[in-house]
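The values are calculated or read from the model by the stated rules, or taken from the named source; none is laboratory data. All values reported here derive from a predicted model rather than from experimental measurement. Neighbour counts run over all protein chains shown; Cβ positions are idealised from the backbone, glycine included.
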Amino acid sequence: MYQVLDSQSVLEVLRPVEDPELRKSLVELNMIRNVKIDGGKVSFTLVLTTPACPLREFIVEDCKKAVNKLPGVKDISVEVTAETPQQKSLPDRTGVDGVKNIIAVSSGKGGVGKSTVAVNVAVALAQTGAKVGLLDADIYGPNDPTMLGLANAQITVRATDTGDILEPAFNHGVKLVSMGFLIDRDQPVIWRGPMLNGVIRQFLYQVQWGEIDYLIVDMPPGTGDAQLTLTQAVPMAGAVIVTTPQTVALLDSRKGLRMFQQLNVPVLGIVENMSYFIPPDQPDKQYDIFGSGGGSKTAAELGVSLLGCVPLEISTRMGGDSGVPIVVADPDSASAKALTVIALAIAGKVSVAALT
């Protein structure tokens, strides 16, 4: 029984409280700081491992319940902040200055909504207070400027002693660099592998990213040069595989997933996009246009997580075309809620990997 109300007794009573994802004591993880006692008023800072922590309120409530066990406690004040951990470094790969975690969003085939997922996940993370960058690595089909509302934006290129530095565009809380800013709208990119390799490295190392918690990389479909360049250049926090429930999409997604595993990149999980269709005039109904259950079955067979299922809604397509992602345009929609849950799950997995 703790008889004295002081900072040490507060830390001791909080010691059994664990981070739900890391399964370790908040005190041992140094997530409880600045404990202060003023009469019967107790205050302290809870430092989470990500601003996108989905269990924030539960952790705060558990802390308050623990501190309330101490005699003399009349009021508890918890200030919640976050410090996103740095992903683990690798000796043969060079990190990007200021960037803590690099996450690839990839797909085995085109047309499954990979860019829609990448853009909305980036914006959803930014909405939590995280510092987010988006690298559009789909050099041949750069759509992210349009989807992020930056189709008419231009990026600044500054000459320095060490080479040109690009200033990313910014909207909806996300910094963006894309080939779409460097070519005319209708201009095709007709390049072989070495040139693609060079521009991706430029987007990594010659962009003034600043301090970034999560750099989301929107990959082109398939298992080609862009994937090899990224995975061999930088240490990566993980990859997310986007698919639809359709059999042919799932077949290709398995190949993409295995590619990342063979290149020693952690696979954070699978996102099943276009999981079912919700008619706008009948929101209580849903239709499995591309089949059902494929994402969960594939995730179980390959031993990875199903991060979430995103329905097919007209408003999601409209948001991408208009440059206002669905998580901004209609945050209460089924698609926005699913994408937000996916973003929080990704952040949680990245934190666990960095701290274990």
Consider only pairs whose beta carbons are under 9 Å apart and that are at least six residues apart or on different chains; among these, list those whose first residue lies in region 300-321 and is over 21 Å from L268 (Cβ atoms) and whose second residue is among the charged types (D, E, K, R). E313/D330; S315/D330; T316/D330; G319/D330
Examine region 281-294 for a residue that is in the same structural domain as K349 (by TED's automatic domain parsing), on the phi < 0 side of the Ramachandran plot and within 24 Å of the chain's Cα centre (by Cα), and state whether such a residue exists. yes
Within region 80-113, take every residue that is of a type in the set (D, E) and free of Cβ contacts under 8 Å to residues at least 40 places away in the same chain and give me the one that is nearest to R317 (Cα to Cα). E83
Mind telling me which of the residues V304, V324 ends up being in a loop (DSSP other than H, G, I, E, B), of a type outside the set (K, R) and under 17 Å from E272 (Cα atoms)? V304
Can you confirm whether region 194-204 contains a residue that is without any contact (Cβ under 8 Å) to a residue 60 or more places away in the chain and closer than 23 Å to A343 by Cα? no
Can you name the condition, by its number, that V119 falls short on among (1) surrounded by 19 or more Cβ atoms within 10 Å (Cβ to Cβ); (2) at pLDDT below 95; (3) of a type in the set (A, V, I, L, M)? (2)
Only one of (1) among the acidic types (D, E); (2) within 24 Å of G113 (Cα to Cα); (3) assigned to a strand (DSSP E or B) is not met by D186, so which one is it? (3)
Here are V234, V207: which of them is among the hydrophobic types (A, V, I, L, M, F, W, C), under 19 Å from the mean Cα position of the chain (by Cα) and assigned by TED's automatic domain parsing to the domain that holds A345? V234
Is it the case that some residue within region 164-171 is within 23 Å of A82 (Cα to Cα) and touching a helix residue (DSSP H, G or I) at 6+ places or on another chain (Cβ under 8 Å)? no
